[in-house]
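Peer 1: What follows is a structure written as structure tokens; I'll ask about it next.
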């Protein structure tokens, strides 16, 4: 139960808003962080915390694409396919991932490690093709980079190739000793 | 190549600038709020912003000072400021950089706006995917709170201003200001019918101002250096100041370039962004994010200001310039954008909800060489029945890729249909409505 395990965090979230329902998205995020997706039990509990009916929680949860109502793999690969990324090769990236992991968009590998999703614009149009893996952005993807990212994710759970804080064109490097 | 004085990107262009509170203060940060708070009246702050000519950087280009002026003067209850950081217009990636590289510049802008409109609470509605941006902002708010810039009794003036970060969860429509407010209230992000406008009935039905990240980030500079200085930059009197233009697509150096409004697309694309990425010539460009109609090489000398781009039949919008080279299939490009709009239609208004799915089906049919000539009329007819018939501007936006490509590159549609006729392949495609 979230209320027992995360009481302080829930109280902190609730304190930010004069109307309780505003805390709905933050609480759904909290539930998703704990279990990887938003379970029905979590939605019931959140409804209780915010004095909402379960359908009110469900109607909101189903509107937003970032809330997973079904389990996803440990690493959720989300490749942008909007025009700006498509112009610089996002379809090729989707093809690479499909070939390397043997999954199509919407599918998860049998070991439950990777889920591939094809998504719309992630606001990294100048550095496409790009993808988001869980919380992190990976930009200016090449096949070589993709291989490294997948290998590092498998080994360490994260990858050194993630990008940000974002600036493009890249800022000048600080002078040595400055 | 002419160089211009950067304003918003000035700090982050310094080598090694990390955007921490100490560094922001060292470059003159938080001086504007010190100068203003308790010393200049809120009405005078609004007057300065009005005089500067600052217009909203999110897309619509509404004068910021005028927007603030719509708030009821005698209202006694709470008022709110919401920072629109739900950057999701395809082709736009400036706010992400402003947030992640110089968060305190935005916070100071928010403090000034809150003071001017009399808001004690403000929220930064940031798109859910910007996890790093949200973390950076939260840390920056924490630091600013510890330093006494945010919270109760700022500088002993008895002014309270609080700022919180609220993450969205992946919905383009939440960049529309009333949908943003609905979402912030914990509901589905469906735009509200206007009037009443947020200025009187906004967040929790209270007077509310929603401003874009880049708009707010301009405020400390305007208050420090004066309205006259700001109004002298760019293309006065109607398009003042600089803009951070996001150049993407087939250019040599895509990225964010801050230039005064009023330079030409030719200069932005060929000088700032280094020209085309190969010897292929420019075929088309989108001047202001996915919602803006496509333009052709004939429009390269159009000036980058609100009026000039509107006169050319498009809009400056969010400042996302996407360049396409010779050889790009324009019907395919329009379909890609149409798929985006179909996916993101919130479903509130029938013309947009149903129309976007029909448009995608017809476009897919044409691209797959199964189209017929009558489809072109159907497309035009559908577009005309969506634009202007929806609660928000999404309806106008979603038809612009198809209408503008039909206008400039109709022969490409016709060629695909002729190919279908030649192969005698005209038969209904299985209806594909999967997102």
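Peer 1: Please state which of the following conditions residue B:361 fails to meet, knowing it meets all the rest: (1) touching a helix residue (DSSP H, G or I) at 6+ places or on another chain (Cβ under 9 Å); (2) part of a helix (DSSP H, G or I).
Peer 2: The failed condition is (1).
Peer 1: In addition: From B:322, B:328, which residue is closer than 20 Å to residue A:88 by Cβ, within 13 Å of chain A (Cβ to nearest Cβ), touching a helix residue (DSSP H, G or I) at 6+ places or on another chain (Cβ under 8 Å) and in a loop (DSSP other than H, G, I, E, B)?
Peer 2: Numbers: B:322 fails: in a loop (DSSP other than H, G, I, E, B).
Of the residues listed, the single one that is closer than 20 Å to residue A:88 by Cβ, within 13 Å of chain A (Cβ to nearest Cβ), touching a helix residue (DSSP H, G or I) at 6+ places or on another chain (Cβ under 8 Å) and in a loop (DSSP other than H, G, I, E, B) is B:328.
Peer 1: Same structure, new question: Only one of (1) in contact (Cβ under 8 Å) with a residue 12 or more places away in the chain; (2) part of a loop (DSSP other than H, G, I, E, B); (3) away from every other protein chain (no Cβ under 14 Å) is not met by residue B:65, so which one is it?
Peer 2: That leaves (2) as the condition not met.
Peer 1: Shifting gears a bit: (1) free of Cβ contacts under 8 Å to residues at least 12 places away in the same chain; (2) away from every other protein chain (no Cβ under 11 Å): which one isn't true of residue A:59, the others all being true?
Peer 2: (2)
Peer 1: Looking at A:65, A:115, A:60, which is the one that is within 30 Å of residue A:27 (Cα to Cα) and touching a helix residue (DSSP H, G or I) at 6+ places or on another chain (Cβ under 8 Å)?
Peer 2: After ruling out the rest, the residue left standing is A:60.
Peer 1: For region A:120-157, give me each residue that is touching a helix residue (DSSP H, G or I) at 6+ places or on another chain (Cβ under 9 Å), at the interface with chain B (Cβ under 8 Å from one of its Cβ atoms) and in contact (Cβ under 8 Å) with a residue 24 or more places away in the chain.
Peer 2: Of everything in region A:120-157, those that are touching a helix residue (DSSP H, G or I) at 6+ places or on another chain (Cβ under 9 Å), at the interface with chain B (Cβ under 8 Å from one of its Cβ atoms) and in contact (Cβ under 8 Å) with a residue 24 or more places away in the chain turn out to be A:120, A:121, A:122, A:124, A:125, A:126, A:128, A:132, A:136, A:137.
Peer 1: Take region B:208-254 and flag every residue that is more than 14 Å from chain A (Cβ to nearest Cβ) and more than 23 Å from residue B:5 (Cβ to Cβ).
Peer 2: Hits for region B:208-254 are B:209, B:210, B:211.
Peer 1: Considering only residues that are within 17 Å of the chain's Cα centre (by Cα) and not in a loop (DSSP other than H, G, I, E, B), which ones fall in region B:73-99?
Peer 2: B:82, B:83, B:84, B:85, B:94, B:95, B:96, B:97, B:98, B:99
Peer 1: Can you tell me how many residues in region B:277-301 are surrounded by fewer than 19 Cβ atoms within 10 Å (Cβ to Cβ) and in a loop (DSSP other than H, G, I, E, B)? Lay out the reasoning, then the answer.
Peer 2: Step one: list which residues in region B:277-301 are surrounded by fewer than 19 Cβ atoms within 10 Å (Cβ to Cβ), which gives B:277-281, B:296-298, B:300-301.
From what's left, in a loop (DSSP other than H, G, I, E, B): B:277-281, B:296, B:300-301.
So the count comes out to 8.
Peer 1: Follow-up question, since we're still on this one. Residue B:102: within 11 Å of another protein chain (Cβ to nearest Cβ), closer than 19 Å to residue B:8 by Cα, surrounded by 24 or more Cβ atoms within 10 Å (Cβ to Cβ) and out of contact with any strand residue (DSSP E or B) (no Cβ under 7 Å at 6 or more places or on another chain), yes or no?
Peer 2: yes
The numbers here are math on the coordinates, done by the rules we state, and not lab data. Given the structure is predicted, the values throughout are model-derived calculations rather than measurements. As a convention, Cβ positions derive from the backbone with ideal geometry for all residues, glycine included, and neighbour counts pool all protein chains shown.
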